[in-house]
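Colleague: Below is a structure I'd like to ask you about.
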Amino acid sequence: MNYLHTMVRVSDLDASLKFYCEILGLQVVSRTDYDKGRFTLVFLAAPGDMEAACEKRAPVLELTYNWDPESYPGGRNFGHLAYGVDDIYGVCQRLMEAGVTINRPPRDGYMAFIRSPDGISIELLQNGEPLTPQEPWQSMENTGEW
């Protein structure tokens, strides 16, 4: 058995692509519009997974955009996406500068949580050993749900 992908439905494809690609740093592996079914599938991968994603289509994040408006409440009910990062503090700082709320700051130098525009919880984990706890992260409070 091997991990293939996680699918999340998105209500605004442009906002989601901006978030996942421009802000979070994922890259588009493929995009297909299905006229008969009236939906679009976009597969994304972390930069470190692009080679495997292109060869095996895994591991990827599948964004499903239904062309007819739908509401997707309760994005948290499926759990969360998780990505390893090389500098948790630098990534969180970049995300904050882009207007993303850090729901669970990396107080421990290891783990943080953010949310996508559709309320999908995303866990960021420091690759390797945790970084030394430091300010302003160490004393930041949680914000909202994560």
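The values are calculated or read from the model by the stated rules, or taken from the named source; none is laboratory data. Bear in mind the structure is a predicted one, so any value in this text is a computation, not a measurement. A quick note on method: Cβ atoms are made from the backbone with ideal geometry, for glycine too, and the neighbour counts reach across all protein chains shown. Note: areas computed on protein heavy atoms with side chains; ligands, DNA, RNA excluded. Shrake-Rupley method; radii C 1.70, N 1.55, O 1.52, S 1.80 Å.
Colleague: Pick from E129, E145: which is part of a loop (DSSP other than H, G, I, E, B), open to solvent by 70 Å² or more (accessible area, probe 1.4 Å) and without any contact (Cβ under 8 Å) to a residue 24 or more places away in the chain?
Modeller: So the residue among E129, E145 that is part of a loop (DSSP other than H, G, I, E, B), open to solvent by 70 Å² or more (accessible area, probe 1.4 Å) and without any contact (Cβ under 8 Å) to a residue 24 or more places away in the chain is E129.
Colleague: Still on this structure: Restricting to the range 30-51, count the residues that are open to solvent by 30 Å² or more (accessible area, probe 1.4 Å) and either part of a helix (DSSP H, G or I) or touching a helix residue (DSSP H, G or I) at 6+ places or on another chain (Cβ under 8 Å) (or both).
Modeller: Number satisfying all stated conditions: 5.
Colleague: Now for a different question. Quickly run through the range 1-14 and pick out the residues that are surrounded by fewer than 15 Cβ atoms within 10 Å (Cβ to Cβ), closer than 26 Å to R94 by Cα and hydrophobic (A, V, I, L, M, F, W, C).
Modeller: Result: M7, single match.
Colleague: Restricting to the range 52-61, name every residue that is assigned to a loop (DSSP other than H, G, I, E, B) and open to solvent by less than 80 Å² (accessible area, probe 1.4 Å).
Modeller: A58, P59
Colleague: Looking at the range 123-139 only, could you name the residues that are touching a Lys or Arg at 6+ places or on another chain (Cβ under 7 Å) and under 15 Å from L95 (Cα atoms)?
Modeller: W137
Colleague: Which of the residues that make up the range 106-126 are open to solvent by less than 70 Å² (accessible area, probe 1.4 Å), part of a loop (DSSP other than H, G, I, E, B), under 26 Å from R9 (Cα atoms) and in contact with a Phe, Trp or Tyr (Cβ under 7 Å, 6 or more places away or on another chain)?
Modeller: Selection gives S116, D118.
Colleague: Does the range 75-96 contain any residue that is modelled with pLDDT of 90 or more, crowded, with 16+ Cβ neighbours inside 10 Å and part of a loop (DSSP other than H, G, I, E, B)?
Modeller: No, every residue in the range 75-96 fails to be modelled with pLDDT of 90 or more, crowded, with 16+ Cβ neighbours inside 10 Å and part of a loop (DSSP other than H, G, I, E, B).
Colleague: Next question. Counting just the residues of the range 15-29 that are within 11 Å of the chain's Cα centre (by Cα) and of a type in the set (G, A, S), which one comes out most open to solvent (accessible area, probe 1.4 Å)?
Modeller: G25
Colleague: What single numbered condition from (1) within 19 Å of L125 (Cβ to Cβ); (2) open to solvent by less than 30 Å² (accessible area, probe 1.4 Å); (3) hydroxyl-bearing (S, T, Y) fails to hold for T64?
Modeller: The failed condition is (1).
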